Amino acid sequence: MCIVCDSKKRLLMVCDCLDEVGQSDLSLKFQAFIDIVRGRVYDDENKDRNCAMKAKMLDMATSFAEGYMPISKSEFLAKINAFNLPNDSSFSLRKSMRTAMIELFDVYENRLPWALYGGYMFMVTRPNVHVAERLPDLKSLLPDDLPWECVDAVWHGFPPATALYMHILSVINKRTHTVPLHGCGCNHYLPPIQEPGIAKMTVVYPEPADIVEETEVPLSHCLNAIETLVRETFVLFGETTKSINHHASVSPPVKKIDTSIYA
């Protein structure tokens with residue numbers, strides 16, 4: 001069996017599991033993604049690379065889909081607590097992000113993917129949370145169940161779902177008094193808190209009225225981001241002088257999170 005067929009089979013197995021736990025609306029998005037990926041040609045001159053890209057896209061989608069499987073509150077807390085938060089001057093900020101993720105889980109549970117919860121926790125795991133760093137440069141530090149492409153897909157895919165994303169940001173802002181920033185160069189950080197509560201640092205938005213409907217919206221954008229990220233990693237990914245200068249300061253390395261005990 002070809003690598004694309006193997007990857008498709010694994011994703012369909014997760015889709016079946018999503019159907020069984022009442023996440024059929026999300027399952028249909030992943031099934032549609034399979035059809036989109038299989039029907040496109042990403043490299044018409046190199047068949048092996050074309051297949052490799054397709055398999056990678058489907059594998060990333062599988063990891064993303066697994067993040068929608070049901071998880072108990074105690075299991076969620078165990079995964080969140082597996083992130084080691086450096087005890088430094090930003091420790092209070094780091095703990096506040098943890099509180100924000102728990103608050104969001106209490107509202108949305110597995111209607112938001114693990115790539116969202118885990119991605120924001122990883123953002124506050126880095127020693128210097130206020131330094132912009134690129135996710136692909138940190139990929140070796142991420143937990144095995146948190147590929148950088150899936151985290152970055154969240155940060156590209158959720159903003160178009162304005163109501164939902166604004167509510168997520170408002171919860172984070174309420175707890176941390178700042179907002180997570182993410183750029184198209186895959187850089188991410190939390191800007192320093194100048195003065196908690198000042199207008200330019202405040203995000204206030206009511207909870208979306210229909211959680212199920214809202215949480216389905218960004219998934220298509222996330223899958224589109226996965227496709228783009230994988231394709232550009234193979235073909236176009238690279239640094240520009242501007243981005244190198246902008247992200248010249250790099251934080252010290254952090255220890256990789258071991259989540260295998262929760263598998």
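Bear in mind these aren't lab numbers, they're just calculated from the coordinates by the rules spelled out. This one's a predicted model, so the numbers in the text were calculated from it and none came from an experiment. Here the Cβ is made from the backbone with ideal geometry for all residues, glycine too, and neighbour counts use every protein chain on show.
Using the average count of surrounding beta-carbon atoms within 10 Å as a protection proxy, the listed peptides 79-89, 110-120, 29-39 rank, highest first, as 110-120, 29-39, 79-89.
Phi-derived couplings, Karplus 6.51 cos²θ - 1.76 cosθ + 1.60 at θ = phi - 60°, listed residue by residue for the range 223-230: 5, 5, 5, 4, 4, 5, 4, 5 Hz, with x used for Gly and Pro.
If r is the Cβ-Cβ distance from GLN31 to SER89 and R0 is 41 Å, what FRET efficiency results, to the nearest 0.05? Present the calculation step by step, with values, prior to reporting the outcome.
Numbers: r = 47 Å, r/R0 = 1.15.
About 0.30, to the nearest 0.05.
Peptide packing for 164-176, 43-55 was compared via the average number of neighbouring C-beta atoms within 10 Å per residue; ordered from the highest value, the list is 164-176, 43-55. Counting only Cα atoms, the range 59-208 measures 42, 34, 31 Å along its principal axes, largest extent leading.
Just to verify a number: FRET efficiency for ASN224 and ALA82, C-beta to C-beta distance, R0 = 41 Å, to 0.05? Before the final figure, lay out the partial values.
On the way: r = 30 Å, r/R0 = 0.73.
Efficiency, rounded to the nearest 0.05: 0.85.
Extending 7 Å from Cα along the Cβ direction at ASP144 and again at CYS17 yields two label points whose distance is 1.4 nm.
Roughly how many debye, to the nearest 20, is the charge dipole of the range 135-192 about its Cα centre, given +1 on each Lys and Arg Cβ, -1 on each Asp and Glu Cβ, and no other charges? Mind dumping the intermediate values first?
Values: 3 positive and 5 negative charges, 72 e Å.
That gives a dipole near 340 debye.
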